[in-house]
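Okay, structure first, notes after.
The values are calculated or read from the model by the stated rules, or taken from the named source; none is laboratory data. Predicted model, so just to flag it, every value in this text is computed and none were measured. When we count neighbours, we look across all protein chains shown, and the Cβ atoms used for this are built from the backbone with ideal geometry, even at glycine. These area figures cover heavy atoms from the full protein model, side chains too; ligands, DNA and RNA do not enter into them. Shrake-Rupley method; radii C 1.70, N 1.55, O 1.52, S 1.80 Å.
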Amino acid sequence: MALLPVSEAKSRLLGNARPIEAVETVALGDANGRVLAAELVARLTQPPFDASAMDGYALNAADAPSIGSELTVIGTAAAGHAFEGTLNKGEAVRIFTGAPVPEGADCVLIQEDAEKLEGTRIRTKFDVVKGRHIRPRGQDFTEGEAVLPPGTVLDFSHLTVAAAMNHAALTVYRRPRVAVLATGDELVPPGATPAAAQIIASNTFGVSALVRDNGGEVVDLGIVRDRSEDITAAIDKARAAEVDVLVTLGGASVGDHDLVQSTLKAAGMELDFWRIAMRPGKPLMVGALGGMQVLGLPGNPVASLVTGMLFLEPLIRRLAHLPERRREVQGVTAHGLAANDQRQDYLRARLTRDRDGNLVAEAFDKQDSSMMKIFAHSDGLIVRPAHAPELPAGAPCPILLIRP
């Protein structure tokens, strides 16, 4: 099977992905980052009454036709405590922000614009204008009004208005369920003491974080050994959990100990494609097992994370009704870059700004796909298309932001 270009591989992967239409109801406090599945309609009117926007005095503007008008204060209205009564000619009510405007008043004179006289009398120091400093009933929204459309990615502002509309729970799309399976006799979990020929399994944690950051839920299948029966048992767990995507880490090549692809095929997986014209990340595998999509990421940690950014992230976001995250920006090279071969390169790089504000990318000298420290210290990836010519320092180049 020939190496597939990155763009074609991504197009084929996403072409088979359909947003999940199943919905669930979650408490308002748990809805941040979720995608609204139904139009959200106000259950009440806000504000529910004409409300004071300032601390001051509620009065009828006709009773203060000029600066120096005097009025008698007959009561108080505070937030949560309305004045029970009606203003008559020449009267005012001491009012505080958020309080209902009393019957008979049509404006608020802010307290700085009023002079206190003896007893309960006040004198206006500035012009009084009808309607000033009053928030009319329904100014924000009215009962029955559609405020948030389906597809809204809920954030702090949406949750605030949803709460104000008297919604304690929201209907949202179900999150994609993603099973993550690490394979390899050489792997042990963090905290364990590896034997002489073993290493710590790290990919699971980065890939799982990527899934969660993009709206998915993780089903951790742990580490299985390089045995077909163990891999089959893990596949069965993924099926039982009714996951939408099975992500395997390592073992998808065709070596004597790379059993993931053959075991998945034996379980009924239809292989779409395998091996991508990219570096790092060539041994990427994509297929389908019933209604479950299968994405086999490389075993090398950096290759796993790069392919996770390029393929797993947009897949999860498509399933979750989320827009694709825009990681690509334009920058310039800090130094010359050699001509490229038939594979698209993703070079780990530090990013800075020059005096003109250009994003400057300086590739690390070492680019081995097993070197996690360099990836952690990188800000972006310089994208070098297949067969790209040599580039001089300062040449324009596309960059993928690692932390957009």
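If we keep just the residues of the range 194-229 that are assigned to a strand (DSSP E or B) and among the charged types (D, E, K, R), which is nearest to residue 266 (Cα to Cα)? Restricting to residues being assigned to a strand (DSSP E or B) and among the charged types (D, E, K, R), the top hit is 220.
Does the range 320-331 contain at least one residue that is within 29 Å of the chain's Cα centre (by Cα), open to solvent by 40 Å² or more (accessible area, probe 1.4 Å) and at positive phi? Yes: the range 320-331 contains one or more residues that are within 29 Å of the chain's Cα centre (by Cα), open to solvent by 40 Å² or more (accessible area, probe 1.4 Å) and at positive phi.
When residues in the range 136-164 are screened for being at negative phi, more than 23 Å from the chain's Cα centre (by Cα) and not polar (S, T, N, Q), 7 of them pass.
Within the range 364-388, the residues that satisfy the criterion of being outside any loop (DSSP other than H, G, I, E, B) and either within 15 Å of residue 302 (Cα to Cα) or touching a Pro at 6+ places or on another chain (Cβ under 7 Å) (or both) are 372, 373, 374, 375, 376, 377, 380, 381, 382, 383. Tallying residues that are open to solvent by less than 70 Å² (accessible area, probe 1.4 Å) and among the charged types (D, E, K, R) within the range 104-122 yields 2. Do you know which residues across the range 173-202 are open to solvent by less than 70 Å² (accessible area, probe 1.4 Å), touching a strand residue (DSSP E or B) at 6+ places or on another chain (Cβ under 6 Å) and within 26 Å of residue 36 (Cα to Cα)? Once the filter is applied, which keeps residues that are open to solvent by less than 70 Å² (accessible area, probe 1.4 Å), touching a strand residue (DSSP E or B) at 6+ places or on another chain (Cβ under 6 Å) and within 26 Å of residue 36 (Cα to Cα), the range 173-202 yields 173, 174, 177, 178, 179.
Looking only at residues of the range 251-263 that are out of contact with any helix residue (DSSP H, G or I) (no Cβ under 7 Å at 6 or more places or on another chain) and either aromatic (Phe, Trp, Tyr) or at pLDDT 90 or above (or both), we find that the one that is most open to solvent (accessible area, probe 1.4 Å) is 262. Of the residues 312, 305, which single one is open to solvent by 40 Å² or more (accessible area, probe 1.4 Å) and closer than 22 Å to residue 212 by Cα? Just one listed residue meets the conditions, 305.
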